[in-house]
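Student: Sharing a structure below in structure tokens format, with a few things to ask.
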Amino acid sequence: MVMGIIKDAIAKNLRHPKSGPVGWFVSKYVFEDKNRYLEKNAVDVCKISKDDIVLEVGFGPGIGLKEAHMKIKDGKGKVYGVEISQAMLKKASHSLQTEIKAGKVELILADVAKLPFKSDMFDHVFHCNCYYFWDDQVACARELYRVMKQNANVIAVMNEQGLKVAEQVGVLKYGNTDPFKYMDSLKKAGFHDIEFKKLKSARGHPFSAIFAKK
Ligand SMILES: C[S@@+](CC[C@H](N)C(=O)[O-])C[C@H]1O[C@@H](n2cnc3c(N)ncnc32)[C@H](O)[C@@H]1O
């Protein structure tokens, strides 16, 4: 009974982290600890250049944003992030306050379904453990397509083994991790060269990435 309540609270906070104790736990021990290498690898596979305009969707505490900022800090590039969670926006804004003040990072409370950006703006879009929670994946993919420049890539990164365990335990019941459903949504939105790749980090940790080109 108590375990069920705890698992349900974790499941809700994985989808939309809140500012309470469970949101704090999920951010610290899942996003900042377990998922750190995924965020870093998401940025690596993007192959960002110093003048690029980059978007991360569902940035959580901001690990990937910091990593992406390292790639553009010496150029004309800029990193944008959107999040639906006020708690994650606050946390990431705090850890990236210097980069935000310098005008190199901008974080916005927004849903991927309705992005507050003009069309054809981004050279790279990435998200890590995020598409599972989008209610209408086709509409969200269309919105990503709209804001991306021609030939830009959108990259989604995940740890399949970790997802399997999380699903078995029951903490992903408010999401749909099926990569093929997401890839089909990308196709319906107009993306091409859609590929699912099993990769390894520089330290040998396995992860998977879905690539799609506008
Ligand atoms: C499981 S967490 C992943 C956080 C981080 N990317 C990571 O891998 O550690 C999913 C994040 O996506 C955000 N999110 C979920 N649905 C979203 C949407 N429709 N638009 C923007 N962000 C969303 C949540 O608020 C949450 O912070």
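Values in this text are rule-based calculations from the coordinates and carry no lab data. A quick note: this is a predicted structure, and the numbers were derived from the prediction, not measured. Virtual Cβ from ideal backbone geometry, glycine too; neighbours counted across all protein chains shown.
Student: Convert 20 °C to kelvin, take the viscosity as 1.002 mPa s, use the Kirkwood radius over C-alpha pairs of the chain as Rh, and evaluate the Stokes-Einstein diffusion coefficient in µm²/s, rounded to a whole number.
Tutor: Rounded to a whole number, D works out at 124 µm²/s.
Student: So which of Lys66/Lys197; Lys12/Lys73; Lys78/Lys164; Lys40/Lys181 end up more than 32 Å apart, counting from Cα to Cα?
Tutor: Lys12/Lys73; Lys78/Lys164
Student: Describe numerically, in nm with one decimal, the distance between label points set 7 Å from Cα along Cα→Cβ at His192 and at Asp74.
Tutor: Each label point is offset 7 Å from its Cα along the Cβ direction, giving 3.6 nm.
Student: Follow-up. What Kirkwood Rh does the stretch 1-109 have if only Cα atoms enter the pairwise 1/r average? Answer in Å.
Tutor: 14.3
Student: A further question on this structure: What does the convex hull of the Cα atoms of the stretch 103-179 come to per residue, in Å³, rounded to a whole number?
Tutor: Expressed per residue, the convex hull around the Cα atoms of the stretch 103-179 is 117 Å³.
Student: What ranking do 22-30, 51-59, 3-11, 81-89 get when scored by the average of other Cβ atoms within 10 Å per residue, highest first?
Tutor: 51-59, 81-89, 22-30, 3-11
Student: Sticking with this one: Within 10 Å, count the other beta carbons around each residue, average over each peptide in 199-210, 170-181, and list them highest first.
Tutor: Per-residue Cβ counts within 10 Å, averaged per peptide and sorted highest first, yield 170-181, 199-210.
Student: While we're here: Restricting to DSSP H runs of at least four residues, report the calculated mean residue ellipticity at 222 nm for the chain, -39500 (n - 2.57) per run over all residues, nearest 500 deg cm²/dmol.
Tutor: Result for the chain: -12000 deg cm²/dmol, rounded to the nearest 500.
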